[in-house]
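Down below is the structure, laid out as structure tokens.
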Amino acid sequence: MWFLLMLVILLTNGMSAFGLKMLAGWGLPETVKYPYLTVWYAGGLAAIALPMLLKGMRVGKTEIFWGGVTGALSIGGQVAMAVALSSGIPGHVVFPIAIGGSIFVVALAGRLVFGERMNLPTALGVALGFVAVVLLGVS
């Protein structure tokens, strides 16, 4: 089950942001981003909730709380990217900042919230992620 969910995440990650770039590039009204994001987040909720319901999995208050928090933060980030793109900031600036920020926040939260320590391969992976984002931004 988790493999299927991770596959869905892998295949759909970044598609919403790509669509935001398309909306900004087409010069559509500023208000279009809200229905667009609503469809993406509703689809994501359905893609996760339906398999869980079919398997009879129970969801507790803690899961609902943390799901709501991460969902709200994600929506905030998507709206911020949409505003930046529609304001004329180039995608080669917006996307590396968003991706690099995500890598930084996940690494920092892992350490501060969960007490995770990075071993050498993990630290190298994070460093290579930052290098890749920088290289994509300057190319």
Seminar exercise, completed: Under a Gaussian network model of the chain whose springs join Cα atoms within less than 10 Å, the largest fluctuation of V69, V83, V93 belongs to V69
Problem set entry | Tail weight of P(r) past 23 Å, computed on alpha-carbon pairs of segment 26-139, percent | 50
Seminar exercise, completed: Normalised Cα Rg of segment 1-89, dividing by 2.2 N^0.38 Å with N its residue count, works out at 1.24
Seminar exercise, completed: Per the Kirkwood formula over distinct C-alpha pairs, the hydrodynamic radius of segment 90-139 in angstrom is 11.5
Seminar exercise, completed: With label points set 7 Å from each Cα along the Cα-to-Cβ direction at L5 and T122, the distance between them in nm comes to 2.0
For this session: Sticking with the crude label model, points 7 Å out along Cα→Cβ, report the distance from V105 to T70 in nm, one decimal please.
Result: 1.2
Exercise. Can you list the lysines whose alpha carbon sits under 22 Å from that of K33, skipping same-chain ones fewer than 8 residues off?
Worked result: K21
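None of the figures in this text is laboratory data; all of them are computed from the coordinates on show. Keep in mind the model is a prediction, meaning the values are calculated, not measured. Please note: Cβ atoms are built from the backbone with ideal geometry, for glycine as well, and neighbour counts cover all protein chains shown.
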